[in-house]
Each structure stands twice: as structure tokens, then as C-alpha cells.
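**Student:** Here you go, one structure.
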Amino acid sequence: MKLRINTNSVRLRLSKTDVVKLATDGYLEERVSFGDKVFSYSLRCKAGIHKLSANFKAAKINVFVPKVFARDWADNDVVGFDTYMPVGENDSLHILVEKDFKCIEKTAEDQSDNYENPNKIRET
């Protein structure tokens, strides 16, 4: 699972294995160590909610996804889910959770567990 933060936007990109694990276990977490400090982020399935939500507690970003969204996600063509969560009177946080596609351009990053990019030009 990858995290991208930009202005008031949090984006989580999941590999094929991540999507299956979310559906079966209901929880994913990644940790980044800064010596004696740790930053982490998680994605958790939650029953009874109808849209994405998030919070930030104890140096950890927690994103909650409706359980019904994750249940069949590995087996369908839905790319992802997003919402704008109000975080103040005149502000919102954009939350996006999506499948991670292989890059079209060459990269050194291991992409073997990513989804095929739908924008890839097919060679004949």
C-alpha cells in the first residue's frame, strides 16, 4: 500500500495482494521509522458506514472504508473510491483509495503485483 499526500488530499494505492488482504482481513497498515519516531498509516474496513472517512491520531493516519466496498473489489473493475470529508467550516479532506496500476513508462520499482494499466498501448 502506498500513501500520497498533497495539500488536503490523502491517496492510498493498493496492489493486488493488498486488495485481497483488505477483503479477507479487513485491515492494512504500513510503518515508516524515523529512528525513535514512527509514522504509520492504515486502511480498515468498517461495517455500518457508507463512505470513506479518516482521522489522524498518535502519528497515524487511519482511513476507514465501508466493508461492502472492499468485499468484492478484487473481483470487479472498480478502480477506487473517493469522498470529500468535511474538516472544518470551509474546508474538506479529499480521500481516495484506488488500485495501483503498473506505470506505462519504465521504472526501477517492482510492479509485479500491480494491476495492468488500462491506458497501456497494446502491442500487436
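The values are calculated or read from the model by the stated rules, or taken from the named source; none is laboratory data. Nothing here was measured: the structure is a model prediction, and the numbers come from that model. Reconstructed Cβ throughout: ideal geometry from the backbone, glycine too, with neighbour counts over all protein chains shown.
**Student:** If a residue has to be among the basic types (Lys, Arg) and touching a residue at least 60 places away in the same chain (Cβ under 8 Å) to count, how many in the range 1-35 make the cut?
**Tutor:** Matching residues across the range 1-35 total 4.
**Student:** Let me ask something else. Go through the range 38-90 and count every residue that is more than 15 Å from GLY26 (Cα to Cα) and of a type in the set (Val, Ile, Thr).
**Tutor:** 6
**Student:** Another one. Under 8 Å between Cβ atoms, which residue pairs at least 6 apart in sequence (or on different chains) link something in the range 36-60 that is under 13 Å from LEU12 (Cα atoms) with a partner that is part of a loop (DSSP other than H, G, I, E, B)?
**Tutor:** SER40/ALA59; TYR41/MET1; LEU43/MET1; ARG44/GLY26
**Student:** Here's a follow-up. For the range 52-91, name all the residues that are among the acidic types (Asp, Glu) and closer than 23 Å to LYS21 by Cα.
**Tutor:** ASP72, ASP75, ASP77, ASP82, listed by residue number.
**Student:** Condition check: among the hydrophobic types (A, V, I, L, M, F, W, C) and at pLDDT below 95. Does VAL79 satisfy that?
**Tutor:** It is true that VAL79 is among the hydrophobic types (A, V, I, L, M, F, W, C) and at pLDDT below 95.
**Student:** Here's a follow-up. Restricting to the range 19-63, count the residues that are assigned to a strand (DSSP E or B) and either within 17 Å of the chain's Cα centre (by Cα) or of a type in the set (Asp, Glu) (or both).
**Tutor:** Selection size over the range 19-63: 22.
**Student:** Still on this model: I'm checking my understanding of the structure. Among residues of the range 64-98 that are in a strand (DSSP E or B) and among the acidic types (Asp, Glu), which one is surrounded by the most Cβ atoms within 10 Å (Cβ to Cβ)?
**Tutor:** Result: GLU98.
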